[in-house]
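In what follows, a single structure is set out as structure tokens and then discussed.
What follows draws every value from the coordinates through simple rules; no lab data is involved. No experiment lies behind these values; they were computed from the predicted model shown. For neighbour counting, all protein chains shown are included, and Cβ atoms are generated from backbone atoms with ideal geometry for every residue, glycine included.
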Amino acid sequence: MAFANQHLDVSIHFFKRLLYRQGTYDTPRVREPILTFDQCHERIADELIAYVSQLTAELEEGTKP
């Protein structure tokens, strides 16, 4: 959460990418004008999104009968 909430524009990019990976959106693109999401942001976001996906899968697996 600290990464996503460091700046409103970073938060928008991060959560749009997360929801895109989860299938909610067709694209991770965001409207302009918005702070650039550089390669460092992308790398960190991708690592955190992978972690969120892993935790979600583990939780879903744990709730199966």
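With a cut-off of 8 Å between alpha carbons and a minimum separation of six or more residues, what is the relative contact order of the chain in percent?
Normalised by residue count, the contact order of the chain is 23 percent.
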Using the alpha-carbon atoms, what tilt in degrees (0 to 90, nearest 10) does helix 39-62 show relative to the longest principal axis of the chain? 20 degrees
Where trypsin sites (Lys or Arg not before Pro) in DSSP loops with at most 14 other Cβ within 10 Å are excluded, longest remaining stretch of the chain: 32-65
Report, to the nearest 10°, how far helix 8-21 tilts away from the longest principal axis of the Cα atoms in the chain, using its own Cα long axis and a range of 0 to 90°. 40 degrees
